[in-house]
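One structure is given below, encoded as structure tokens.
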Amino acid sequence: MAFLFNDFASWKKYCAEHDLKLHETVLDYEQEQKGRIPDEIWAGLQKAYGVMKEAVETGLNEDMSSRSGMINNGAKKVFQHQQVVLSKEFQNLISRALAAKEVNSCMGRIVAAPTAGASGILPGVLYTLQEIHGLDDQKILEGLLIGAGIALIIEQKASLAGAVGGCQAETGSAAAMASGAIVYCLGGDVDQIFNAVAITIQCMLGLVCDPVAGLVEVPCVVRNASAAAIANSSAQMALANLSGVIPVDECVDAMGEVGQSMEARYKETALGGLATTPTGQKISKSVLIQDIEMLSDEDQE
Amino acid sequence: MAEKSSVFDMIGPVMIGPSSSHTAGVVRIARAAIRVLGGKPEKSVITFYNSFARTYEGHGSDKAIIAGLMDFKTDDPRIKEALEIAEKEKMDYTFKSVGNASVYHPNTIKLILEKEGRRVEVIGESKGGGVINIAEFDGFNANFSANLHTLILKADDVRGSIAYIANILSHDDCNIATMSVSRKGKNAQACLVIEMDSGLKDVTLAYIRSLKWVKEVIYIPDIDL
């Protein structure tokens, strides 16, 4: 029987006992649980990575303005800006994560990874990683499999949905997946990969889901960029053998606990945080449809 | 135990943004509804309820529902231009918003579709992650997900009809996943909705259609194909 992704400690143990690599256990899981053959799985991953890269290109080359006006070609502006904060690579990373996420906000085609609200993080991170290190696609696809394994565990122990666990569940999980994938692609071992996940979760813990006007735009788009940066900073620490001190499973439990205790207004309801600021409410009023019919009590019978 | 998630739930689905419940789910409700109608509608009245009532434009659900009525799939990039395409095709549609229908799920859409004198009323719910429930069909409780192969029968309320139909399906080697029966009154017309793991042969459908007490047969294979 394949490993069922209940927690990180048993994932490591299972790999050691069966002499398997992390990504091979994910491949086995998908074969056993979903009846897919490896060729089909690799083709699906290749397609997903293709759509991710396409979303980055689309976001950087086509008009990305949303109906609400809140998204207006931000990725392009960052990509082309003359003034560089750290390096051109960092600028590329930020603009690519923004680009793929803007495509999502503007009704383009994306890969929900793990969700649509977090769909810019893996594209921005993996596109940039592959470019800088000259990695072949196969390595990236193996990294995606490890990312999927990470998400499967978070889904079971905590949540991947903003409506259940807040933004940490969406962008936090995506950043954890990306961070684990980076460390794997750069030759890190299992402990280093899991440390990257632990550190990333620690950095993303507690983020609330407070979308202005209920749209997947503000602050979702900029948080995809910051989450991409955190995935990289965590990977840099983990590769140097820094541990998160708190083991990765306990970090995920903490994420679940924080998500559970979060008030409903911070879970995608647009009833708190940025959504209820004076400006947030003003935007909400202009975006939402005001001319709606209200039924009388008799009509509800 | 709940079914395990797939790798492609974590890295996927490939979809049109911004959100699975406001785009993918809405497209799927429309794709199910046109299959109930039996083709693309000539005239459509679309009512967005509750949470959808205020947000359907901001989330692009208006484009998604029209795209679905034109039979676009959930990952079709043309969804973004659905309203322009519909205008070129001279589609006749009207949007309505109702804010407080307490009897309905938060994300509910009612479709009244007409084509060649046939008129159907479908109520669909978008439950998140692209998952839908077709709650009602022409005033009958339907409650099907359109994930599997669906058979809808309107029939006279006669004794033994359910066992008879189940028997026919089993002869086509077809496993029934869910079944719901509702009727408007005793001895009035009944509606049978059956979700099946595999598809039906044409000859099976033709036989069911030939039964005297069966008034209408709608067969909906997997709507995502």
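Structure values in brief
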item: Filter result (surrounded by fewer than 17 Cβ atoms within 10 Å (Cβ to Cβ), part of a helix (DSSP H, G or I) and of a type in the set (A, V, I, L, M, F, W, C)) within region A:16-38; result: A:Ala16
item: So B:Ile34, is it among the β-branched types (Val, Ile, Thr) and either under 19 Å from the mean Cα position of the chain (by Cα) or open to solvent by less than 10 Å² (accessible area, probe 1.4 Å) (or both); result: yes
item: Tally of residues being open to solvent by less than 10 Å² (accessible area, probe 1.4 Å), within 9 Å of chain B (Cβ to nearest Cβ) and more than 10 Å from A:Ser173 (Cβ to Cβ) across region A:144-159; result: 5
item: Residues of region B:103-134 classified as part of a loop (DSSP other than H, G, I, E, B) and within 12 Å of chain A (Cβ to nearest Cβ), total; result: 7
item: Extreme residue, nearest to the other protein chains (Cβ to nearest Cβ), among residues of region B:1-31 that are of a type in the set (D, E, K, R) and open to solvent by 10 Å² or more (accessible area, probe 1.4 Å); result: B:Lys4
item: All positions within region A:244-282 that are facing chain B (nearest Cβ under 10 Å) and open to solvent by 40 Å² or more (accessible area, probe 1.4 Å); result: A:Glu268, A:Thr269
item: Region B:168-197, residues that are assigned to a loop (DSSP other than H, G, I, E, B) and surrounded by 15 or more Cβ atoms within 10 Å (Cβ to Cβ); result: B:Asp172, B:Cys174
item: Any chance B:Ile152 is closer than 29 Å to B:Lys110 by Cα and modelled with pLDDT of 95 or more; result: yes
item: Residue count for region A:248-299, restricted to those that are more than 21 Å from the chain's Cα centre (by Cα) and of a type in the set (D, E, K, R); result: 9
item: Qualifying residue in region B:78-91 (condition: open to solvent by 30 Å² or more (accessible area, probe 1.4 Å), touching a helix residue (DSSP H, G or I) at 6+ places or on another chain (Cβ under 8 Å) and under 29 Å from B:Arg183 (Cα atoms)); result: no
item: Qualifying positions in region A:36-86 - under 23 Å from the mean Cα position of the chain (by Cα) and polar (S, T, N, Q); result: A:Gln46, A:Thr58, A:Asn61, A:Ser65, A:Ser66, A:Asn72, A:Asn73
item: Count - residues of region B:114-152 that are open to solvent by 40 Å² or more (accessible area, probe 1.4 Å), of a type in the set (A, V, I, L, M) and closer than 13 Å to B:Ile220 by Cα; result: 1
item: Failed item, numbered, when B:Asn100 is tested on (1) more than 9 Å from every other protein chain (Cβ to nearest Cβ); (2) open to solvent by 20 Å² or more (accessible area, probe 1.4 Å); result: (1)
item: Failed condition for A:Ala113, given (1) in a helix (DSSP H, G or I); (2) small (Gly, Ala, Ser); (3) in contact (Cβ under 8 Å) with a residue 40 or more places away in the chain; result: (1)
item: Among (1) part of a helix (DSSP H, G or I); (2) within 20 Å of A:Val216 (Cα to Cα), the one test that B:Asp75 misses; result: (1)
item: Residue within region B:39-53 that is among the hydroxyl-bearing types (Ser, Thr, Tyr), at the interface with chain A (Cβ under 7 Å from one of its Cβ atoms) and in contact with a helix residue (DSSP H, G or I) (Cβ under 8 Å, 6 or more places away or on another chain) present; result: no
item: A:Ile230 in contact with a Ser or Thr (Cβ under 8 Å, 6 or more places away or on another chain), more than 27 Å from A:Lys76 (Cβ to Cβ) and away from every other protein chain (no Cβ under 14 Å); result: no
item: Test: residue in region B:159-167 that is closer than 20 Å to B:Asn143 by Cα, outside the structural domain of B:Thr74 (by TED's automatic domain parsing), aliphatic (A, V, I, L, M) and open to solvent by less than 60 Å² (accessible area, probe 1.4 Å); result: yes
item: So A:Lys47, is it out of contact with any helix residue (DSSP H, G or I) (no Cβ under 9 Å at 6 or more places or on another chain) and under 22 Å from A:Gly117 (Cβ atoms); result: yes
item: Residue among B:Ile194, B:Ile165, B:Ile176 that alone is over 23 Å from B:Ile132 (Cα atoms), within 24 Å of the chain's Cα centre (by Cα) and not basic (Lys, Arg); result: B:Ile165
item: Any hit, region A:90-98, residues being basic (Lys, Arg), surrounded by fewer than 23 Cβ atoms within 10 Å (Cβ to Cβ) and either under 28 Å from A:Asn61 (Cβ atoms) or more than 12 Å from chain B (Cβ to nearest Cβ) (or both); result: no
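The values are calculated or read from the model by the stated rules, or taken from the named source; none is laboratory data. For clarity, every value in this text was computed on a predicted model and none was experimentally measured. Neighbour counts run over all protein chains shown; Cβ positions are idealised from the backbone, glycine included. Quick note on the areas: whole protein, heavy atoms, side chains included, nothing else; ligands and nucleic acids left out. Shrake-Rupley method; radii C 1.70, N 1.55, O 1.52, S 1.80 Å.
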